[in-house]
1. Taking the Cβ of each residue in I371, I86 as the centre, tally the other Cβ atoms inside 10 Å and list the residues starting with the fewest.
2. By the gyration tensor of its Cα atoms, with a ≥ b ≥ c the square roots of the eigenvalues, what is the shape of segment 299-368: rounded for a/c under 1.5, prolate for a/b over b/c, or oblate?
3. Which order do the peptides 363-370, 217-224 come out in when sorted by mean C-beta neighbours inside 10 angstrom, highest first?
4. For each pair in K258/K389; K152/K318; K130/K370; K237/K300, compute the distance between the two Cα atoms and list the pairs where it is over 28 Å.
5. Among rounded, prolate and oblate, which fits segment 338-396 when a ≥ b ≥ c are the square roots of the eigenvalues of its C-alpha gyration tensor, a/c under 1.5 means rounded, and a/b larger than b/c means prolate?
6. Count charges around Q357 for me, please; just the other residues with Cβ under 13 Å from its Cβ, Lys/Arg as +1, Asp/Glu as -1.
7. Taking the Cβ of each residue in S255, S104 as the centre, tally the other Cβ atoms inside 10 Å and list the residues starting with the fewest.
8. At a 10 angstrom cut-off on C-beta neighbours, averaged per residue, how do the peptides 258-267, 226-235 rank from highest to lowest?
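Since every read-out is calculated from the coordinates, none of them should be taken as a lab result. Note that the structure is a prediction, hence the values are computed from the model and not measured. Here the Cβ positions follow ideal geometry from the backbone for every residue, glycine too, while neighbour counts run over all protein chains shown.
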Amino acid sequence: MSLLSNIWNRINNSMFNNFSAQDKRQVLTFFLFIMAIFAVNFVVNNLIPKTPQTFSPEINDKLAFLDQRLAELQEGDTLSRLDRYIVQRYDTLQLFDFDPNTASIDELIKLGFTEKQANNLNNYRNNGGKFRVPDDLRKLYGMRTMQFKLLKPYIVIADAQTTTENKNQHPKFDDKIAENHTEKPTEKQSETPKNEYFNFDPNTITAEEIQRLGFSEKQAESFIKWRDKGKKFYVAKDFASTFFVDSKRYQELESYIKIDLENLLNGKKMLDLNTATDADLRTIGLTADEAARVIDFREKVGYYFANWQIEDALTNRKRANELKSSFYVCASVNIRKIDINAVPLDALQNHPYFSIQQAAAVIKLRESQKINSIEDLKLTKLFTDKELKRIGNYLEY
């Protein structure tokens, strides 16, 4: 007896007895259809050779980016609470290339180091310690893995030694850089380049010319990279804000810095927000009230650090956006900072970047602990990340 006949007899002798012959044929047809689908699926998936699908290089690049982004998002979901906090904090910072062997404490703070971390690093250097490769910074006392991961792309060490053998040549290189390291200074591996002195404009100087001034090749490359990102130099003192120029080097080079403002501004009338007078402001179209507001805000806040702050000085946001391109901010004036652990309540309330509630919350927080960094203000739960980024330029600890 054939298979189909056997199936047909089973259907006739089953619960389908009450069905008509046509209904039974439809059930059998449906059953055979389902079996055919499973058979085709088995053949396609197991017996027919598969040819890998190929894409254009552009599509492959996009797919690779999406895979990387997915991995980053999945990693973010598994971050610890502290690591998420570090990531959020670093989103508010403007990072830049730095050499941990020469960076100042102020520069380290701008890079997100806590005051304690910056002091640990400085003590290590003062006791003769030296960072030879970027990974050495990971061993700094108090350095979090996530923090190091975010900083590592910006670490530029002059004459860095990259091999394990080089590292092992220094027996006093500890697995953890302690707060009070006692490593003795090592002799310099190479002589400092001979300095040349000549007039230069930091807005146009080449990497080769920077090296002629006595800076290293790495420093020159970092400087050009920084300038390419939009850094402008309006006065000589702006050059002192360069991360590898200390006060001594700046004094040596100050008289040679010749900035061509006309070329920099391309003939456009622009003013420095920190030095412009009422008369200056009126010459570029500000009304008497607008000029007064710009100067009054400057005096209350303690000088501008960016031209977009004119939006905070003027009540009309649209008008402020129109005027913003007419201003620049240079380093010719030092921002007036306040000691957040000592400033009285009334002075804090009068600061343009603190509300009455925020000022009171800071004083209350100060009663229970010392404020060591801008991140501590998050404990009040009254400041947004944008507000903290703005306020941080005016605080000292």
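1. Values: I371 18, I86 21.
Neighbour counts put them in this order, fewest first: I371, I86.
2. Working: a/c = 3.63, a/b = 1.84, b/c = 1.97.
Oblate shape, in that a/c is at least 1.5 and b/c is the bigger or equal ratio.
3. Details: 363-370: 11.4, 217-224: 18.6.
Ranking, from highest mean packing down: 217-224, 363-370.
4. Numbers: K258/K389 32 Å; K152/K318 40 Å; K130/K370 31 Å; K237/K300 23 Å.
Over 28 Å apart, Cα to Cα: K258/K389; K152/K318; K130/K370.
5. Details: a/c = 1.23, a/b = 1.06, b/c = 1.16.
Cα axes put segment 338-396 in the rounded bin.
6. On the way: positive: K364, K381; negative: E387.
My count for the surroundings of Q357 gives +1.
7. Details: S255 10, S104 14.
Least to most surrounded, the residues fall as S255, S104.
8. Working: 258-267: 11.6, 226-235: 14.0.
Per-residue mean Cβ counts within 10 Å order the peptides as 226-235, 258-267.
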